[in-house]
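Structure record follows, encoded as structure tokens.
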Amino acid sequence: MELSARTSLPTIRIPEIVAGLSDLQPGTRYDVPAQAYSAVYCCETHDTIVSMQNRQATANPGDIIAIPRGTAHSICLAGAQPSRRGDLQPPFNVDTDRVDAAGRTLCCRVPTSANPLPDVVPDLMVFGPDRQKGSGRLDLIFALIRHYASNRERQRQFMLRRLAEMAAAIFLETILADIDARGVDLGRASSDPGIRRVINAVHAEPGKSWSVDEMAQIAGLSRSSFAERFRETVGITPAAYVGNQRLDRAARLLSESDETVSRVAFEVGYETDSAFAKAFRKRFGISPSTYRRMTPREQDIR
């Protein structure tokens, strides 16, 4: 999926990146606390499980796992039940000449402040080989990151930063393309301070009964000027945006929590289960219960 011509991609600058190889050990769970750094893992030799809150995803060798918002998570090799805990923090240095590597994994950390749209970025993304090749050749970019992270060339950090900026731009482009397919231009909206304040407020409380007057006050505009600018900048009306955000939040709750469908409907602002189910099916093409039973990869396709 590609961005439409009207969607602008914000400039990304990454001041630093820490990257290197680690060997995850069978039977060990690595807990990574919430931090001000995005985490990216490239699995090389084993199936790997990443867990956060009530969400879990399994990555196969060759997959890329991105945790853009620095959310607390744990990671372990699939198969053996974890019986001990390990540390997975920089520096990441292993003997690259070993042929008996356990869960050889490329680990990367970049500051979350480098992300220009932290409020729309999902907590967890998994890119399989096919998706990498269709998303700006992430496979080639991370092959180069692995190369520069594994040697001591003088230009190592400079090259890593530029490659990380390319990868971050592709991740962000993928997210914005998914949103753009629904008629929303958040790339352009991020450059308008007033509209950005409204978007962040709606994201913080999607279940609130938002009125155009209240959103206009947050934007510092009259009601008519706000409604016109919002539609011109974002691509849809304020009311439509609020509705979409409620359903996006509902999808996340269904995926990441054990709350009942009724509770999810209430939390995102629907007064009845039937109204929620109707809106959800119109948006995603399936019922909330069916969506909940899908795997993270199947949900991403939708």
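The values are calculated or read from the model by the stated rules, or taken from the named source; none is laboratory data. Just so you know, these numbers come straight off a predicted model, no measurement behind them. Backbone-built Cβ (ideal geometry, glycine too); neighbour counts: all protein chains shown.
In segment 205-225, which residues are within 24 Å of Ala279 (Cβ to Cβ), in contact (Cβ under 8 Å) with a residue 12 or more places away in the chain and part of a helix (DSSP H, G or I)? Walk me through it before giving the result.
To start, the set of residues in segment 205-225 that are within 24 Å of Ala279 (Cβ to Cβ) comprises 205-215.
Remaining after also requiring in contact (Cβ under 8 Å) with a residue 12 or more places away in the chain: 206-210, 212, 215.
Passing the criteria: Val212, Met215.
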**OP:** Please enumerate the residues belonging to segment 258-280 that are touching a helix residue (DSSP H, G or I) at 6+ places or on another chain (Cβ under 8 Å), farther than 25 Å from Ala227 by Cβ and either at pLDDT below 90 or not aromatic (Phe, Trp, Tyr) (or both).
**Re:** Glu259, Val261, Ser262, Val264, Ala265, Glu267, Thr272, Asp273, Ala277
Original post:
What do you reckon, is Ser211 closer than 16 Å to Arg246 by Cα, surrounded by fewer than 20 Cβ atoms within 10 Å (Cβ to Cβ) and modelled with pLDDT of 90 or more?
Top reply: yes
Original post:
Within segment 1-22, how many residues turn out to be touching an Asp or Glu at 6+ places or on another chain (Cβ under 9 Å) and either of a type in the set (Asp, Glu) or at pLDDT 90 or above (or both)?
Top reply: 1
**OP:** Only residues that are crowded, with 17+ Cβ neighbours inside 10 Å and at pLDDT below 90: list them for segment 25-42, please.
**Re:** Tyr37, Ser38
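Can you name every residue in segment 222-236 that is of a type in the set (A, V, I, L, M, F, W, C) and touching a Gly at 6+ places or on another chain (Cβ under 6 Å)? Give the derivation first.
First pass over segment 222-236, keeping only residues of a type in the set (A, V, I, L, M, F, W, C): 226-227, 230, 234, 236.
The answer is Ile236, and nothing else.
Residues are listed down the side, and each one gets a yes or a no for (1) at pLDDT 80 or above; (2) within 15 Å of the chain's Cα centre (by Cα):
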residue: Leu160; (1), (2): yes, no
residue: Glu165; (1), (2): yes, no
residue: Leu172; (1), (2): no, yes
residue: Asp178; (1), (2): no, yes
residue: Ala181; (1), (2): no, no
residue: Ala189; (1), (2): no, no
Subject >> Residue check for Arg231: in a helix (DSSP H, G or I) and touching a helix residue (DSSP H, G or I) at 6+ places or on another chain (Cβ under 6 Å) >> reply: no
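Of the residues in segment 237-252, how many are touching an Asp or Glu at 6+ places or on another chain (Cβ under 9 Å) and surrounded by fewer than 20 Cβ atoms within 10 Å (Cβ to Cβ)? Reasoning before the result, please.
Going residue by residue through segment 237-252, those that are touching an Asp or Glu at 6+ places or on another chain (Cβ under 9 Å) are 249-250, 252.
Okay, now just the ones that are also surrounded by fewer than 20 Cβ atoms within 10 Å (Cβ to Cβ), so 249, 252.
The total comes to 2.
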Subject >> Within segment 82-130, considering residues that are modelled with pLDDT of 75 or more and among the aliphatic types (A, V, I, L, M), the one nearest to Ser191 (Cα to Cα) >> reply: Val110
Original post:
Do any residues in segment 254-282 that are touching a residue at least 40 places away in the same chain (Cβ under 8 Å) and buried (at least 16 other Cβ atoms within 10 Å of the Cβ) have Cβ atoms under 6 Å from those of residues that are part of a helix (DSSP H, G or I) and charged (D, E, K, R), where the two are at least six apart or on different chains, and which pairs are they?
Top reply: Val268/Arg246; Val268/Arg249; Gly269/Arg246
